[in-house]
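The values are calculated or read from the model by the stated rules, or taken from the named source; none is laboratory data. All figures in this text were calculated on a predicted structure; none of them were measured in a lab. Cβ sites come from the backbone with ideal geometry, for glycine too, and all protein chains shown count toward neighbours.
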Amino acid sequence: MSRIATTFAGLKAQGRKALIPYVTAGFPYADVTPELMHAMVAAGADVIELGVPFSDPMADGPVIQEAGEKALALGIGMAQVLAMVKAFRVQDTQTPVVLMGYANPVERYEQRHGADSFPRDAAAAGVDGVLVVDYPPEECVDFAARLRAKGIDLIFLLAPTSTDERMRQVAEVASGYVYYVSLKGVTGAGTLDTAAVEAMLPRIRRHVQLPVGVGFGIRDASTAQTVGRVADAVVIGSKIIQLLDGQPRDQVASTAAGFLRGIRSALDA
């Protein structure tokens with residue numbers, strides 16, 4: 001049983017919902033990410049989504065896109081992201097870590113390090129899941145199998161525009177959980193329509209048996225609590241990135257932890 005499956009099973013048994021923060025690897029400082037990850041776990045994070053910086057992130061709004069650009073300028077690529085996960089694993093062998101990003105860094109890594117090097121090295125670093133935004137499920141059967149052979153889950157996005165057929169396709173190859181993008185548009189855009197989320201989740205669950213996380217547009221404890229009533233997990237990214245931007249190096253971890261403690265309390269209330 002994977003760390004992701006174990007985590008969701010344990011939370012379900014407790015009647016609790018997963019808190020999944022997203023942060024861009026190497027932002028706002030190249031060396032802060034493992035410390036930041038530990039602080040978020042201490043504040044109540046159940047799974048961590050770690051963004052892999054990429055120069056053309058089609059699904060990211062301006063906040064996360066700028067964070068990625070700053071991380072790239074600091075020299076952060078896939079190899080550095082895997083090293084961060086490995087450093088995190090020295091002290092934490094339980095919390096699932098999911099890499100979220102795009103096809104280019106994955107494929108470039110394998111061009112440089114050899115065929116099948118990404119699943120091998122990601123597993124060795126301690127990665128539990130991978131979400132590649134621009135890999136559609138019908139083109140991922142081989143990639144999913146290569147990841148699964150190393151014990152890594154392949155996670156997919158679903159959107160308000162997803163058809164029943166698309167949900168069935170995702171269900172055939174996905175593992176770990178699925179990520180429902182609650183807004184039409186990029187990360188951090190718009191205002192979340194919680195009623196629409198509540199209406200969509202039963203439809204997703206008719207086709208997908210995995211836990212369903214909801215993200216894009218969740219910015220405060222109240223919204224997280226409302227979404228948590230119907231979803232299995234709440235994903236928060238842009239708001240955290242905004243809070244971290246401009247913080248002194250020694251306040252990054254505590255800033256994220258302070259925010260997440262409020263979200264955790266709301267989810268558990």
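Might you let me know whether the range 150-169 holds any residue that is at pLDDT below 95, in contact with a Gly (Cβ under 8 Å, 6 or more places away or on another chain), over 21 Å from Gln94 (Cα atoms) and part of a loop (DSSP other than H, G, I, E, B)? Taking every residue of the range 150-169 in turn, none turns out to be at pLDDT below 95, in contact with a Gly (Cβ under 8 Å, 6 or more places away or on another chain), over 21 Å from Gln94 (Cα atoms) and part of a loop (DSSP other than H, G, I, E, B). Taken as a whole, the condition of being in contact (Cβ under 8 Å) with a residue 40 or more places away in the chain, over 30 Å from Ala266 (Cβ atoms), touching a strand residue (DSSP E or B) at 6+ places or on another chain (Cβ under 9 Å) and of a type in the set (Gly, Ala, Ser) applies to Ala125. Looking only at residues of the range 46-82 that are in a helix (DSSP H, G or I) and closer than 19 Å to Val235 by Cβ, we find that the one that is farthest from the chain's Cα centre (by Cα) is Pro62.
Check whether at least one residue in the range 88-97 is of a type outside the set (D, E, K, R), part of a helix (DSSP H, G or I) and either in contact (Cβ under 8 Å) with a residue 40 or more places away in the chain or surrounded by fewer than 15 Cβ atoms within 10 Å (Cβ to Cβ) (or both), and report yes or no.
Looking for residues that are of a type outside the set (D, E, K, R), part of a helix (DSSP H, G or I) and either in contact (Cβ under 8 Å) with a residue 40 or more places away in the chain or surrounded by fewer than 15 Cβ atoms within 10 Å (Cβ to Cβ) (or both), one finds at least one in the range 88-97, hence yes.
In summary, Thr93 fulfils each of the numbered conditions (1) among the hydroxyl-bearing types (Ser, Thr, Tyr); (2) more than 23 Å from Arg219 (Cα to Cα); (3) over 18 Å from the mean Cα position of the chain (by Cα) with the single exception of condition (3).
Listed here are the residues, each with its yes/no results for (1) more than 17 Å from the chain's Cα centre (by Cα); (2) within 25 Å of Ala71 (Cβ to Cβ).
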site: Asp220; (1), (2): yes, no
site: Thr223; (1), (2): yes, no
site: Gly228; (1), (2): no, no
site: Gln251; (1), (2): yes, yes
site: Phe259; (1), (2): yes, yes
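Selection of the range 32-45 for residues being part of a helix (DSSP H, G or I) and not acidic (Asp, Glu) yields Thr33, Pro34, Leu36, Met37, His38, Ala39, Met40, Val41, Ala42.
Answer yes if at least one residue in the range 14-29 is small (Gly, Ala, Ser), touching an Asp or Glu at 6+ places or on another chain (Cβ under 9 Å) and either part of a helix (DSSP H, G or I) or in contact (Cβ under 8 Å) with a residue 40 or more places away in the chain (or both), and no otherwise. The answer is yes; a qualifying residue exists.
Let's see how each residue does on (1) modelled with pLDDT of 95 or more; (2) over 19 Å from Pro21 (Cα atoms):
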residue	(1), (2)
Ala196	no, yes
Gln209	yes, yes
Gly217	no, no
Ala257	yes, no
Gly262	yes, no
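Would you be able to tell me the number of residues in the range 30-56 that are without any contact (Cβ under 8 Å) to a residue 60 or more places away in the chain, surrounded by 23 or more Cβ atoms within 10 Å (Cβ to Cβ) and in contact with an Asp or Glu (Cβ under 9 Å, 6 or more places away or on another chain)?
Matching residues across the range 30-56 total 2.
Filtering the range 191-226 to residues that are of a type in the set (A, V, I, L, M, F, W, C), farther than 23 Å from Gly176 by Cα and touching a strand residue (DSSP E or B) at 6+ places or on another chain (Cβ under 9 Å) leaves only Leu192.
Checking each residue in the range 189-228 for being of a type in the set (Lys, Arg) and either in a helix (DSSP H, G or I) or at positive phi (or both) picks out Arg203, Arg205, Arg206.
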